[in-house]
Amino acid sequence: MNVLTAAREYTTRGLFCVPIPARSKGTTVKGWPKLRLTEGDLPVAFRGEGNIGILLGEPSGWLVDVDLDCDEAIELADQFLPPTPAITGREGRPRSHRWYRCENATTIKFSDPLETTSKGTTLELRSTGCQTVVGPSVHPDGSRYDVLDGEPACVPYGLLKASVRALHEAILESRGHNHPADPVPQKPAQGLSTFGLRPGDDFNQRGDLKPVLEKHKWKFVGRSGANELWRRPGKSDSYSATFNGSTFFVHTPSTPQFDEKTGYSKFETYTRLEHDGDHTPAAAALLAEGYGRELGSGVDLTGIKSQLTANPRPVQFETQDPGELPDHMFDVPGFIHDVAEYTLATAHYPNRVLAFSGGAESSGTAGLPTRQNRLPYAAQPLRAGAGELGCRQESFSRSELRDPFRGDVR
């Protein structure tokens, strides 16, 4: 398909076309935003080899173009933009334009606030007053544009505006903007566990990362808000990382010591630059520079020592003997009472405390099913004529315990 044929098809669909010089993106026609070429004008406007652009917004029935200007925008677009059958791009930049019908839409351009070059644009919602190059045009780098043949989806302006803004915010978030990045977890420094404050933790709190970065040929190139902008060695423009005072966030994949789109603590950054990622020698080196604190050091014990000096003898606490436990406290109705009374009636040396204890101990097992419902001998009461202390290693049934005066009671 040549440019004239394409222009005729676009015009038939109600889209106004603009002639553009070959391998160019901008038209040279004066007053082109007001240009309205009809079918009869096309053979003159598009003779020979050239490119073709489509007027956006109100002239072409509110046709708008979401131009995805960075790799992250293309990668994340499906997650945030409304679906549409009309998606175009070019060789090397596929699916970089999303087309919609959006009444009353206005042009909005989104940029990365930390990017100081012309590459800072993340995406753009293009409408009235703009034109976009379409196929079969040829890009300045020689790649060919796709022909816009799909029918754009109709979406409300509020929805599309919110969608492109959310996509832009997602791009910034993926670059580590708007919030502190999660640093790479710092591994514990082996052999330094006796320190109340590890050298690496101390460096994170009060260490200066700037001399370390400059030593390894990183260059400070400016600020954006609270962020410092740093450029990696070998790069001549823009920036490669940001530093907010605690987190060094690397945006580029071109640094061997760091991963792309990853945040690092000051100690982790120092370790990777100075000690190839080995935390043990890194911590030892920082210790030699005065970072870290041993357990117990720096603790003020003056107040405690003064109290010990004023009161050298330990405090003496006076205790009072509460006396014997009254007999009625041992009278627990039921099984414990029966066991205690039987024991007192049959023992050679009756003792109410021991009798009560035997009954209490027996109650812990009396409810369990045993052979012929008998109690273990370890918890049975003392009976008359049963050895030196009146204790016989046998078991007794509940009926025997309920009748304390049966048997050879003396």
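A short reminder: the numbers here are calculations on the coordinates, not readings from a lab. Predicted model only: the values in this text are computed from it and were never measured. Quick reminder, even Gly has a Cβ in these numbers, built from the backbone with ideal geometry, and neighbours come from all protein chains shown.
How big is the charge dipole of the stretch 196-294 about its Cα centre, in debye rounded to the nearest 20, if each Lys and Arg gets +1 on its Cβ and each Asp and Glu gets -1 on its Cβ?
400 debye
Determine the sum of side-chain charges near A153: Lys and Arg each +1, Asp and Glu each -1, restricted to other residues whose C-beta is under 14 angstrom from that of A153.
Numbers: positive: R98, R101; negative: D65, D78, E103, E151.
So the environment of A153 carries a net charge of -2.
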### Message
Taking 0.36 nm per residue of sequence separation and subtracting the Cα-Cα distance, how much length would be gained by fully extending the chain between R36 and T5, in nm to one decimal?
### Response
9.4 nm
### Cα-based Rg of the stretch 3-174 normalised by 2.2 N^0.38 Å, two decimals
1.01
### Task
Please find the FRET efficiency linking K215 to T106, where r is the Cβ-Cβ separation and R0 is fixed at 56 Å, and quote it to the nearest 0.05.
0.70
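Please state the relative contact order of the stretch 196-294 as a whole percent: Cα pairs under 8 Å, 6+ residues apart?
Computed over the stretch 196-294, the figure is 30 percent.
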### Efficiency of FRET between C154 and V44 - r from beta-carbon atoms, R0 45 angstrom, step 0.05
0.85
### Task
May I ask you to compute the full-extension gain from A360 to E58, defined as 0.36 nm times their residue separation minus their alpha-carbon distance, rounded to one decimal in nm?
99.2 nm
#### Entry: Inter-label distance for D276 and R144, nm, one decimal - labels placed 7 Å from Cα along Cα-to-Cβ
5.2 nm
### Query
What is the stretch 3-174's relative contact order, in percent, from Cα pairs under 8 angstrom and six or more apart in sequence?
28 percent
### Task
Please give the contour-minus-distance gain from E173 to D321: 0.36 nm per residue of separation, less the Cα-Cα distance, rounded to one decimal in nm.
46.0 nm
### Query
What net charge is computed for the residues neighbouring A105, neighbours being all others with C-beta under 14 Å from the C-beta of A105, Lys and Arg scored +1, Asp and Glu -1?
+1
